[in-house]
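The values are calculated or read from the model by the stated rules, or taken from the named source; none is laboratory data. Not measured: the values here are computed from a predicted model. Neighbour counts are summed over all protein chains in view; Cβ atoms, including those assigned to glycine, are modelled from backbone coordinates with ideal geometry. Areas reflect the complete protein model, heavy atoms only, side chains present, ligands, DNA and RNA absent. Shrake-Rupley method; radii C 1.70, N 1.55, O 1.52, S 1.80 Å.
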Amino acid sequence: MKDRTRLNHPPRVQVPADNVPLVAPLYQSVKFEYPNVAETMRGLQGKREGFYYARSSNPTTRQLEVSLAALQGREEAVVCASGVGAIAQAMFALLKQGDHVLCFVESYGPTLALIRRTLHRYGVTHTMLSIEDDAGIERVLSTTPTRLVVFESPTNPVTKIADIAHITAAARRHGALTMLDNTLAGPHQHGQYEVDLFVHSLTKYVSGHGDVMGGAVIGSSALIRQLRSDFVLFGGTLDPHAAFLLQRGLKTYYLRYESQSAAAQQVAEFLATHDRVSHVHYPGLPQHPRHAMARAQLRDFGTVVSFDLREGAAAGDRLADALQLFSIAASMGSAESLVIPPALMGPHDLPPELQRLSGLAPGTIRLSMGLDDPDDLVADLAQALAATRP
Ligand SMILES: *Cc1c(COP(=O)(O)O)cnc(C)c1O
């Protein structure tokens, strides 16, 4: 064998079966080989364990799926390249022409755009309500045959709380599936409810470091098997290296989420006492309209706090500029603390009556806690509120 060929077929390091690495290894390989054609055929037919091609599965992405399913308290999970990828691929896998979707004005902008624009092109209809419209939810589900209810809790940015038990019970009664975008609450929460499918942006709290994107759908074996066969064809595969980093993020998941939630509570309590702030949106505050429901549903109230500045949008933008420790940037759940000023706040493309339902005021500002000391975050908000006082 010439050196060039030998380099391409090196001796293999074999780790003995009883000698396990503490960290699940990164299998940065697209292809996996079985010993012969017959075993390859058995592998492809699902008659033996193993991997073949990474668009279908890879040990590192599979490890992440198993970890996430266990954390969310469900049988199965399928991961993909982003949170929006998870939402889009799940909806395309579940819906067909003529189906009806119930969705909510407080939901993530791209989710609503997918339903209102993209799925509309494929003949999927929808009704949009406010997540707090319990009577409307019952009315729509009992009068319009509905395939899927897509919702969030807490909502982003004004942290409205969905009555999850009511929504899931109503959906079951009327034969609709429920899909909860559980990104803000995180995969350690809401598992006690009869939600059919959880979707997550892993980009946020699972990554935790703002350096990798990913998405997941979590549910029963039967539903995830059905989704997976389409996901493999849609091709929004999560790269094994991203899966490895997300798996690493999971090791510190609880530490980060608990610490950021505690910081959010402290910041929310500070803002609630400030004379320039007309309203603080945080489920952990007793004055939150659904605080009791949030207490019953959530273990941690979350890391996002929004507040309305009395003087409106321009003052909110000036305040964001005056903050030193909060970066003006999208997303949440990273080590850095972040602020979204009124100028960058959606939804801008909804009809006025739906915009009013969204709960956004002209001066709404969203904060996302990083890993900074909460005392410093409060001091930074205090100095910015003082420095920009009109
Ligand atoms: C960020 C986010 C998403 C989208 O996730 P990406 O990973 O950015 O694609 C979906 N839903 C919610 C609630 C989010 O906050």
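So is His209 surrounded by fewer than 23 Cβ atoms within 10 Å (Cβ to Cβ), more than 16 Å from the chain's Cα centre (by Cα) and either away from the ligand (no atom under 13 Å from the Cβ) or small (Gly, Ala, Ser) (or both) or not? For His209, the condition - surrounded by fewer than 23 Cβ atoms within 10 Å (Cβ to Cβ), more than 16 Å from the chain's Cα centre (by Cα) and either away from the ligand (no atom under 13 Å from the Cβ) or small (Gly, Ala, Ser) (or both) - is not met. Of all the residues in the stretch 94-125, those that are surrounded by fewer than 19 Cβ atoms within 10 Å (Cβ to Cβ) and within 24 Å of Thr183 (Cα to Cα) number 7.
Filtered by the rule that a residue be of a type in the set (Phe, Trp, Tyr) and either open to solvent by less than 40 Å² (accessible area, probe 1.4 Å) or not in a helix (DSSP H, G or I) (or both), the stretch 245-292 gives Tyr253, Tyr257, Tyr282. Would you mention how many residues in the stretch 191-204 are within 13 Å of the ligand (Cβ to nearest atom) and either open to solvent by less than 10 Å² (accessible area, probe 1.4 Å) or small (Gly, Ala, Ser) (or both)? Final tally of qualifying residues: 5. Listed by first and then second residue, the pairs with beta-carbon distance under 7 Å, at least 6 apart or on different chains, first residue in the stretch 315-343 and charged (D, E, K, R), second away from the ligand (no atom under 15 Å from the Cβ) and part of a loop (DSSP other than H, G, I, E, B), are Asp317/Pro341; Arg318/Thr388; Glu336/Gly370.
Assigned by TED's automatic domain parsing to the domain that holds Gly215, at pLDDT 95 or above and either within 10 Å of the ligand (Cβ to nearest atom) or under 17 Å from Ser331 (Cα atoms) (or both): does that describe Asn182? Yes: the conditions hold for Asn182. Counting only helices (runs of 4 or more DSSP H) that sit wholly inside the stretch 5-117, those with at least 1 residues that are within 16 Å of the ligand (Cβ to nearest atom) are 59-72, 83-94, 109-113.
With the condition kept exactly as written, say whether any residue in the stretch 302-313 is more than 29 Å from His188 (Cβ to Cβ), touching a helix residue (DSSP H, G or I) at 6+ places or on another chain (Cβ under 7 Å) and at pLDDT below 95. Yes, because at least one residue in the stretch 302-313 is more than 29 Å from His188 (Cβ to Cβ), touching a helix residue (DSSP H, G or I) at 6+ places or on another chain (Cβ under 7 Å) and at pLDDT below 95.
The residues on offer are Leu22, Leu7, and the sole one that is out of contact with any helix residue (DSSP H, G or I) (no Cβ under 7 Å at 6 or more places or on another chain), loosely packed, with under 12 Cβ neighbours inside 10 Å and closer than 20 Å to Pro240 by Cα is Leu22.
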